[in-house]
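Student: Handing you this structure, nothing more for now.
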Amino acid sequence: MGSATPTCRLTAVLLPDPAQAWTEMGFTLNEGSVQLGSVMITPRDDGANTCIGIADPDPPNSTLDGLKVCHITPASGAVPEHPNGARSIDHLVVTTSDLSRFERSAELLGLDLRRRRDTNLFGQPSIQCFYWLGDTLLEVVGPATPVPGPPDATLWGITFVVNNLEATVGLLGPRAGTIRDAVQGGRRIATLRAHGLWPSVRLAAMTPHERSHDPADHGPLGQGSSQSER
């Protein structure tokens, strides 16, 4: 494994969503995007595929195991207030049918594999891999036994940090699940549930913590939460 390069920093997530799906979840859109820290989430209702934006102006490959990667300039300026209290992205969850294939693709992009562990996520023997995209954790989940086929990595979920989890859940009402203890000690999480227009990825909100660059301090979007209620 090589060392992570500063250019492999998450700057944006482009999603095939109507903007209203995000405003209904309590996010403020500014010029068509939701700014969370230094990352922009841009819903595009134009048929475009999901794309992960990084700071590298010339990415060495254009996909992560089939998940599109592109250069997007980092956001700057003050982060707008979001009614739901969101302030930053904690981690992304990506799924793939073949983790070894994903790892090879990630290595070509210059990502540094920080940890690999066995789990029973999604109710079957699985493996999780953890990478850092700047200050955002990238968690990748795949079956313990790879499934042959073409590259198929998919952005499955986004967890964001909120100022006050109780206030977020209260604001979203039936769109929010029950607040539960997260895998990370001392943190709590609530997943968000479909109601009317819905983002193309699963969302969860978490309480803040002092950020650590040890993947052991982070857990999957679905553990210790109410993902199974969706």
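The values are calculated or read from the model by the stated rules, or taken from the named source; none is laboratory data. Everything numeric in this text was worked out from a predicted model, so none of it was measured. A quick note on method: Cβ atoms are made from the backbone with ideal geometry, for glycine too, and the neighbour counts reach across all protein chains shown. All accessible areas refer to the heavy atoms of the entire protein, side chains included, with ligands and DNA or RNA removed. Shrake-Rupley method; radii C 1.70, N 1.55, O 1.52, S 1.80 Å.
Student: Which residue pairs have Cβ atoms closer than 8 Å, lie 6 or more positions apart in sequence or on different chains, and pair a first residue in segment 139-150 that is on the phi > 0 side of the Ramachandran plot and in a loop (DSSP other than H, G, I, E, B) with a second residue that is modelled with pLDDT of 95 or more and open to solvent by less than 50 Å² (accessible area, probe 1.4 Å)?
Tutor: Filtered contacts from segment 139-150: Gly149/Ser97; Gly149/Asp98.
Student: Taking the criterion of being over 16 Å from the mean Cα position of the chain (by Cα), modelled with pLDDT of 95 or more and among the acidic types (Asp, Glu), would at least one residue in segment 80-99 satisfy it?
Tutor: Yes, the conditions are met somewhere in segment 80-99.
Student: Shifting gears a bit: From the list Gly47, Gly32, pick out the single residue that is farther than 17 Å from Ala78 by Cα and either without any contact (Cβ under 8 Å) to a residue 24 or more places away in the chain or of a type outside the set (A, V, I, L, M) (or both).
Tutor: So the residue among Gly47, Gly32 that is farther than 17 Å from Ala78 by Cα and either without any contact (Cβ under 8 Å) to a residue 24 or more places away in the chain or of a type outside the set (A, V, I, L, M) (or both) is Gly47.
Student: Among the residues of segment 79-110, which ones are closer than 23 Å to His209 by Cβ and among the aliphatic types (A, V, I, L, M)?
Tutor: Val79, Ala86, Ile89, Leu92, Val93, Val94
Student: Report yes if some residue within segment 123-140 is open to solvent by 60 Å² or more (accessible area, probe 1.4 Å), closer than 24 Å to Leu14 by Cβ and hydroxyl-bearing (Ser, Thr, Tyr); otherwise report no.
Tutor: No: zero hits.
Student: May I pose another question? Cβ-Cβ distance below 6 Å, separation of 6 or more or different chains: which pairs start in segment 70-84 with a residue that is closer than 25 Å to Asp58 by Cβ and end on one that is not in a loop (DSSP other than H, G, I, E, B)?
Tutor: Taking only residues 6 or more apart or on different chains, the pairs are Cys70/Cys51; Cys70/Gly53; Ile72/Thr11; Ile72/Ala12; Ile72/Gly53; Pro74/Thr11; Ala75/Gln35; Ala75/Met40.
Student: Is it fair to say Leu108 is in contact (Cβ under 8 Å) with a residue 24 or more places away in the chain, open to solvent by 10 Å² or more (accessible area, probe 1.4 Å), under 17 Å from the mean Cα position of the chain (by Cα) and over 30 Å from Gly32 (Cβ atoms)?
Tutor: The answer is no for Leu108.
Student: While we're looking at this one, here's another question. Report, by residue number, each residue of segment 19-51 that is open to solvent by 40 Å² or more (accessible area, probe 1.4 Å), in a loop (DSSP other than H, G, I, E, B) and on the phi < 0 side of the Ramachandran plot.
Tutor: Residues satisfying the conditions are Glu24, Thr28, Leu29, Ser38, Arg44, Asp45, Asp46, Asn49.
Student: Which residues, taken from segment 84-99, are of a type in the set (A, V, I, L, M, F, W, C) and either open to solvent by 10 Å² or more (accessible area, probe 1.4 Å) or over 15 Å from Val147 (Cβ atoms) (or both)?
Tutor: Correct list: Ala86, Ile89, Leu92, Val93, Val94.
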